[in-house]
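This report concerns only the one structure given below.
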Amino acid sequence: MWAPASGISRSCICSGSYPPTGHRLLALSTHSLSDKGNLTMSLIRYSPIDDLFRTFANFGEPVGRGEFLPAVRILELEHAYQIEVELPGVSRDDTKVAVNDGILTVSGERKATDGEGTRVHRTERTLGKFSRTFRLPENADEAQVSARSENGVLRLTIVKQVKAVPRRIEVEVH
């Protein structure tokens, strides 16, 4: 039902266990839901040498300068879908929502709020531009998308299209 738009997805790597081959496997989540509502996953082989290279890839980078990727929660209600996007510290003016050809995009930027002359000793907040893109289900009505922000959570509501109900038509005889 839900699937990331081609070429754009949020992935996370989750540790797995050791299979009989002795190679550790990792599960790569792609945020796709099967017809039964289960999260689909692909398995990739784990290589310890990859961890070594990943460790040094960000060497020397300041803490908190990674990519800001807001967490989402996707819900299906009786007459609509809801996407909740966690955007603490992101103003309304810095948030954009667009729907085009079955693709819903939430983008924006979380900016630093430090005043001039402020010395930051440690930061664990990630700043910067972000973009999350979702392919809408076929029964989503693109013309009826609404957005509401409350307590740092952007709630998008996408109304489901009403299914055509078959009806019987009597044939008149003249």
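Quick note: the coordinates plus some simple rules give every number you see, no bench work behind them. Only a predicted model underlies this, so the values are computations on that prediction, with no experimental measurement involved. When we count neighbours, we look across all protein chains shown, and the Cβ atoms used for this are built from the backbone with ideal geometry, even at glycine.
Remarks
- Here the peptides 111-117, 153-159 are ranked by packing, the mean other Cβ count within 10 Å, and the order with the highest first is 153-159, 111-117.
- The string of couplings for the stretch 155-161 from the Karplus curve (6.51, -1.76, 1.60, θ = phi - 60°) is 10, 9, 10, 10, 6, 7, 5 Hz, one whole number per residue in order, with x for Gly and Pro.
- Neighbours of Ala164 by Cβ distance under 14 Å: Lys/Arg scored +1, Asp/Glu scored -1, total +2.
- Added length on full extension, which subtracts the Cα-Cα distance from 0.36 nm per residue, Ile74 to Val171: 30.3 nm
- For the stretch 138-150, 3J(HN,Hα) per residue [Karplus equation, 6.51 cos²θ - 1.76 cosθ + 1.60, θ = phi - 60°, Hz, x = Gly/Pro]: 4, 8, 7, 9, 4, 6, 10, 10, 10, 10, 9, 10, 8
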